[in-house]
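Engineer: The structure's right below; bear with me while I get my questions together.
The values are calculated or read from the model by the stated rules, or taken from the named source; none is laboratory data. Values in this document were obtained by computation on a predicted structure and should not be read as measured data. Here the Cβ positions follow ideal geometry from the backbone for every residue, glycine too, while neighbour counts run over all protein chains shown.
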Amino acid sequence: MNRRQTIPKELRYTVENFHSRFPDNDACLEQIKEQRFPGGVTVCHKCERPRKHYRVRGRTAYACETCGNHIFPLAGTIFEKTSTSLRLWFYAMYLMGSTRCGISAKQIQRETGVTYKCAWRMFHQIRKLMSEEELRLGGSGGGVEADEAYFGGRRKNDSGRMLAGNKNKLTTVMGVVERKGRIVARVQPVSIAATSALVKEYVMPETMIFTDEAPAYNALPQLEGMGYQHKRINHSAKVYVAGEVHTNTIEGFWSLVKRGIGGVYHSVSAKYLQSYLNEYSFRYNRRDSGNLIFASLLERVSEMASRKPASEA
């Protein structure tokens, strides 16, 4: 059966589009240069004024038209000092942005032909682009849901709660999500203090917050000066929806992450769990972008590099 393409035309970015736009390393370098220094114009550190810079053949550098001083567009980026083809980096970014449930380092190795060690490093460097710290949720009128989840280990019953016998094997995470909006997920303890700090950092004041009956959320209405409204759903009584009160949105996100980790990565250590949460959150927050998440990753390269000055020769 020939089904129609479900992604709108303006949100499609196929592998053919990728190969057409980035046929070689020079095209990739030019993309980074244009993002950081549009038109090749930036302040020359030697001339101390804006100058046009031109590509230096055989190098990842651009030279000032007046004095010849070099700038390096890759300085401060995840590509700095890499010996791996820049185009392979871009292709790995395209693969990670085009999947919904993630892609393994082993698959990147098979797709790009690099060693597993190299693919694993690329994998985690690209994940650094997916870390979003400056999010503020709420204010849209739909409310925010907060919930905890547990990763690793094996449970002794079906309660869904951490048990005394397997505390050391489980990693606890907390998340807050806007309904029909963005999400923040963090590896942290599940406690009143930790939950309150997470909500204060990422949720705007006077937002309606929906949670379950866990004691960790007891202090939310009393957070000084924040004006949060708080409604709870009693999961222990087998009640999961009561009108607008539910946590189904964030439960759906936890399900996506757990199925992705179980099906693609099989297991994740506590040391790297936050980077995996960042990856899933980054894609979730751009779920309406179709296949343009790769473009968002490219933008993040320049955003993160702009915090550092370009290296000089």
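Engineer: Out of Ile71, Ile32, I need the residue that is closer than 30 Å to Arg287 by Cβ and hydrophobic (A, V, I, L, M, F, W, C). Which one?
Structural biologist: Ile32
Engineer: Enumerate the strands (runs of 3 or more DSSP E) found wholly within region 33-78, keeping only those where 1 or more residues are among the charged types (D, E, K, R).
Structural biologist: Of the strands (runs of 3 or more DSSP E) lying wholly inside region 33-78, those with at least 1 residues that are among the charged types (D, E, K, R) span 49-55.
Engineer: Residues that are surrounded by fewer than 18 Cβ atoms within 10 Å (Cβ to Cβ), touching a residue at least 24 places away in the same chain (Cβ under 8 Å) and among the acidic types (Asp, Glu): does region 233-249 have at least one?
Structural biologist: Among the residues of region 233-249, at least one is surrounded by fewer than 18 Cβ atoms within 10 Å (Cβ to Cβ), touching a residue at least 24 places away in the same chain (Cβ under 8 Å) and among the acidic types (Asp, Glu), which makes the answer yes.
Engineer: Since Cys64 meets every condition but one in (1) within 19 Å of Arg300 (Cβ to Cβ); (2) crowded, with 20+ Cβ neighbours inside 10 Å, which condition does it not meet?
Structural biologist: (1)
Engineer: Could you tell me whether region 120-141 includes any residue that is part of a helix (DSSP H, G or I), of a type in the set (Phe, Trp, Tyr) and under 20 Å from Tyr276 (Cβ atoms)?
Structural biologist: yes
Engineer: Tell me, please, whether a residue that is at pLDDT 90 or above and either assigned to a helix (DSSP H, G or I) or within 26 Å of Thr6 (Cβ to Cβ) (or both) can be found in region 304-313.
Structural biologist: Checking region 304-313: not a single residue is at pLDDT 90 or above and either assigned to a helix (DSSP H, G or I) or within 26 Å of Thr6 (Cβ to Cβ) (or both).
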